[in-house]
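K.L.:
Take a look at this one; I'll ask things after.
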Amino acid sequence: MHFQILLVFVMAEFSGVSPHSSPFTPHDMKFLPLVLIALIALIQYPLWFGKGSWLRVLEVDRQLIAKKADNAKLIARNGAMDAEVRDLKQGFDAIEERARSELGMIKQDETFVQVLVPNVSQVPGKNSPQR
C-alpha cells in the first residue's frame, strides 16, 4: 500500500502532474464502488462456499459430535464385554449362569420345575360365549 502511494508521488514528480490531481474522471469514479464490492464478493466466496467454508466446518463439527457419541456408546459396550470375558475366564459362576439361562441346563441332583401360567383366553368358562 505504501509502495503504491510512493509510486504515485514519484510518477507525479517526473510527469509534471500534481499528485493531488486524479487521472480518473468523475464518470470513472462512479464504477469504483461497484468494482470494490465485486472484489469483496470474490474474496468472500471461498469463505462461505469453498472447500474450507464455514458451512463445511459446521457440517464436519456436527459429524464429529455424532461420531463422539457413537464412540462413547461403543466404549461402554466394549467395557461390558471385556468384564464379561474376564468373568468367563476366571469364574465358573458366569459360565453356570449362561448355561442355565441360554441353554436350559441344570446341575446334577437338581430338580427342574416348570410352572405354566394358563392364558386367560384358554381358561374354560371365563371367556367362553354364553349360550
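Computed from the coordinates by the stated procedures, all read-outs in this text should not be read as laboratory data. Nothing here was measured: the structure is a model prediction, and the numbers come from that model. Cβ placement follows ideal geometry from the backbone for every residue including glycine, while neighbour counts extend to all protein chains displayed.
K.L.:
Between Glu102 and Asp61, what's the calculated FRET efficiency when r is the beta-carbon distance and R0 is 41 Å? Round to 0.05. Spell out each step's value before the answer.
P.N.:
Working: r = 43 Å, r/R0 = 1.05.
After rounding, the FRET efficiency stands at 0.40.
K.L.:
Compute the distance in nm between two label points, each set 7 Å from the Cα along the Cα-to-Cβ direction, one at Ile40 and one at Ser121.
P.N.:
Label-label distance for Ile40 and Ser121, simple model: 7.4 nm.
K.L.:
Please work out how much length the chain gains when fully extended from Gln114 to Met81, using 0.36 nm per residue of separation minus the C-alpha to C-alpha distance, in nm with one decimal.
P.N.:
Gain on stretching Gln114 to Met81: 8.8 nm.
K.L.:
Which order do peptides 108-121, 55-68 fall in by mean Cβ count within 10 Å, highest first?
P.N.:
55-68, 108-121
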